[in-house]
Amino acid sequence: MPKITFIAHDGTTTTVEGVVGKSVMEAAVNNNIRGIDADCGGECACATCHVYVDEPWLSKVGLPEEGSNEASMLSFAAVTQPDSRLSCQVFITAELDGMVVRMPEGQH
Ligand code: FES
């Protein structure tokens, strides 16, 4: 199963195994990763699953489509960056093995 590494703002690093077809948010929640609250359960309505996606994985998962629910929700999120994604909208594939995502300050 693809491994995904979550790095909290304080540097705490946790690597978990994700399930192909499930979201990066689900991998976090299923492994009790602090900083991914996912209050809306993956409905793209809370932005508490906000992450920064490191390269080269950002190029693989891409950015949210302009005008999408995710882009709209990210506009309300704190401290967005050009590599911001909502992890409930990033779905795990085999090629994402080794993916690294970082949590923004304020999510802990
Ligand atoms: Fe709510 Fe991702 S879990 S927006």
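No value in this document is a laboratory result; all are computed from the given coordinates. Worth saying up front: this structure is predicted, and the values here are computed from it rather than measured. Here the Cβ positions follow ideal geometry from the backbone for every residue, glycine too, while neighbour counts run over all protein chains shown.
Ile92 falls short on exactly one of the conditions (1) within 13 Å of the ligand (Cβ to nearest atom); (2) surrounded by 19 or more Cβ atoms within 10 Å (Cβ to Cβ), and that condition is (1). Once region 62-77 is narrowed to residues that are in contact with a strand residue (DSSP E or B) (Cβ under 8 Å, 6 or more places away or on another chain) and more than 10 Å from the ligand (Cβ to nearest atom), the residue that is farthest from Cys40 (Cα to Cα) is Leu63. For region 8-40, filtered to residues that are assigned to a helix (DSSP H, G or I) and touching a residue at least 24 places away in the same chain (Cβ under 8 Å), the residue that is farthest from the ligand (Cβ to nearest atom) is Ala27.
In this structure, Glu43 does not satisfy being of a type in the set (Asp, Glu), under 26 Å from Met1 (Cβ atoms) and part of a helix (DSSP H, G or I). Out of Met103, Met73, one residue alone is buried (at least 20 other Cβ atoms within 10 Å of the Cβ), free of Cβ contacts under 8 Å to residues at least 40 places away in the same chain, more than 16 Å from Pro2 (Cα to Cα) and not hydroxyl-bearing (Ser, Thr, Tyr). It is Met73.
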